[in-house]
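Written out below as structure tokens is the structure these notes cover.
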Amino acid sequence: MDASLPDYLIREQAAVGALVLFGFLRVLAGAIACARGWRIGWVEYAAIGAAALWCAPQLVALIANPSSVAALAGLEGNATGCAIALFFAPILSHRLGYE
């Protein structure tokens, strides 16, 4: 029996996972950068690079097999979660006084 998750569940789980991971890491990186006097711009570049690396396996799987529904759903979920986290995490860091 071939049981698999529907694509919307894969997309939602990937989005929530990326949102939590990158939101937490971006706020933590902002706090560390503030304490050490680093530029926030470099933290942003590092977070964008990490998000690109986070989405790379699904992108490679999608390039290797363009008809893969699971790879497309995973890529969409990861990209959405990363984008939301990297947009709202600086706002939260600013509210907490780290930027």
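Using a 10 Å cut-off on Cβ atoms, rank the peptides 81-94, 44-57 from the highest mean neighbour count down.
Top of the packing list down: 81-94, 44-57.
Carbon and sulfur: what percent of the range 1-93's accessible surface (1.4 Å probe)?
It is 74 percent, rounded to a whole number.
Using alpha carbons only, how many degrees (0 to 90, rounded to 10) separate the axis of helix 40-64 from the longest principal axis of the chain?
10 degrees
In nm, to one decimal, how far is the modelled label at Ala83 from the one at Arg36, with both set 7 Å along Cα→Cβ?
3.1 nm
Can you give the angle from 0 to 90° between the axis of helix 7-36 and the longest principal axis of the chain, with both taken from C-alpha atoms, to the nearest 10?
Once rounded, the angle reads 20 degrees.
Determine the shape class of the chain: with a ≥ b ≥ c the square roots of the Cα gyration tensor eigenvalues, call it rounded for a/c under 1.5, and otherwise prolate if a/b is greater than b/c, oblate otherwise.
Taking the square roots of the gyration eigenvalues as a ≥ b ≥ c, the chain is prolate.
Normalising by the residue count of the chain, find the relative contact order in percent from Cα pairs under 8 Å and 6+ residues apart.
After rounding, I find 48 percent.
The values are calculated or read from the model by the stated rules, or taken from the named source; none is laboratory data. None of the values given here were measured: they were computed from a predicted structure. Positions of Cβ are backbone-derived with ideal geometry, glycine not excepted, and every protein chain shown enters the neighbour counts. Just so you know, the surface numbers come from the protein's heavy atoms only, side chains and all, with ligands and any DNA or RNA stripped out. Shrake-Rupley method; radii C 1.70, N 1.55, O 1.52, S 1.80 Å.
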